[in-house]
Amino acid sequence: MTISALLFDKDGTLFDFSRTWNGWSMSMLTDLAQGDTARLAAMAEAVSYDLEARAFRPDSLVIAGTNDEVAEVLSPHVPDMDVAELAQYLIRTAAEADLAQAVPLAPYLEALRDAGMKLGVMTNDGEHSARRHLTRSGVLDHFDMVIGADSGFGAKPDPDPLLAFCTTVGVAPAQTAMVGDSRHDLIAGRAAGMHTVGVLTGMATKEDLAPLADVVLPDIGHIPAWLAR
């Protein structure tokens, strides 16, 4: 097995999903509810967010969906914003969320680049938010390409954005691994003809990911050892 490029999902992969997004989402829903507890409950149900636990349920659309998809399901409960305005609100506020790195990213990514690896990010989040998160984490310049669902290549589980990365960095899909925490990530990777690596820093279990993954690891920090094997 020769792998020369790694394409990472962002949320749940580079950043621990629960530690990054559960708290932000509670603040976001509370803000949009404007003191209306019925509206708050309806929005939480729409995105499968447990208000008592202050955590997403494993079946939430938010885990692998795009900002537009999340805005669509929230929009009926936010009468003062249309879907486009709500999607922009999500992008703008999410860009400033408190980020919990799955591993210390800067030294980890530096080591991969020193080993000659091409690196990219493909997220169903917007490209602006992705670049903002990577910039705030001090690692944007470690990546050869950053692709969001709004970058013009489509969104996962469509393989087209993954293939766009391969074309840009000049590495064949068969020499590339898609790394992600959701079935969407791995379905896209398989469809693109890539190796697939599942990680458990999102909401999916090993049992969820194993049928679609070449390997399931606790987090991205275990990838160098897997490559060495």
Work out, step by step, the length gained on full extension between ARG39 and ASP80: first 0.36 nm times the residue separation, then minus their alpha carbon distance; give nm to one decimal.
13.5 nm
With viscosity set to 0.692 mPa s at 37 °C, what whole-number translational diffusion coefficient in µm²/s follows for segment 18-96 from Stokes-Einstein and a Kirkwood radius over Cα pairs?
265 µm²/s
Hits among aspartates and glutamates - C-alpha to C-alpha of LYS118 under 13 Å, sequence gap 8 or more where chains match:
GLU110, ASP141, ASP144
How far, in degrees from 0 to 90, does helix 127-136 lean away from the longest principal axis of the Cα atoms of the chain, to the nearest 10?
70 degrees
For the chain, percent of DSSP beta bridges that are antiparallel (nearest 5) comes out at 15 percent
Treating only the Cβ of Lys, Arg, Asp and Glu as charged (+1, +1, -1, -1), what charge dipole size does segment 18-96 show about its Cα centre? Round to the nearest 20 debye.
300 debye
Please list 3J(HN,Hα) in residue order for segment 208-220, calculated via the Karplus relation 6.51 cos²θ - 1.76 cosθ + 1.60 where θ = phi - 60°; whole Hz, with x for glycine and proline.
5, 8, 3, x, 10, 10, 5, 7, 10, 10, x, 7, 5
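Just want to confirm a number: the relative contact order over the chain, from Cα pairs under 8 angstrom separated by 6+ residues, in percent.
Numbers: 416 pairs, mean separation 57.3, N = 229.
Worked out over the chain, it gives 25 percent.
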Using alpha-carbon positions, what is the distance between the centroids of segment 132-151 and segment 32-94, in Å?
24 Å
Taking the Cα centre of the chain as the origin, how large is its charge dipole in debye, to the nearest 20, when only Lys and Arg (+1) and Asp and Glu (-1) carry charge on their Cβ atoms?
720 debye
Would you kindly derive the ³J(HN,Hα) couplings of segment 72-89 from the backbone phi angles with the Karplus curve 6.51 cos²θ - 1.76 cosθ + 1.60 (θ = phi - 60°), listing them in order in whole Hz, with x for Gly and Pro?
4, 7, 7, 3, x, 9, 10, x, 8, 9, 7, 4, 5, 5, 5, 4, 5, 4
Accessible surface, the chain, averaged per residue in Å² (probe 1.4 Å):
42 Å²
Area accessible to solvent at THR20, 1.4 Å probe radius, in Å²
10 Å²
Between the modelled labels at GLU96 and THR167 (7 Å from Cα along Cα→Cβ) the distance in nm is 3.7 nm
Between ASP16, ASP208, ASP68, which gets the highest mean-square fluctuation from a Gaussian network model of the chain, Cα cutoff 10 Å?
ASP208
With all protein chains present, calculate the accessible area of ARG92 using a 1.4 Å probe and round the result to the nearest 10 Å².
140 Å²
Tilt, helix 160-169 to longest principal axis of the chain (alpha-carbon atoms), in degrees rounded to tens, equals 40 degrees
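The values are calculated or read from the model by the stated rules, or taken from the named source; none is laboratory data. Source: prediction; values computed, not measured. Note that each Cβ is placed from the backbone with ideal geometry, even for glycine, and that neighbours are counted across all protein chains shown. Surface areas here come from the heavy atoms of the whole protein model, side chains and all, with no ligands, DNA or RNA. Shrake-Rupley method; radii C 1.70, N 1.55, O 1.52, S 1.80 Å.
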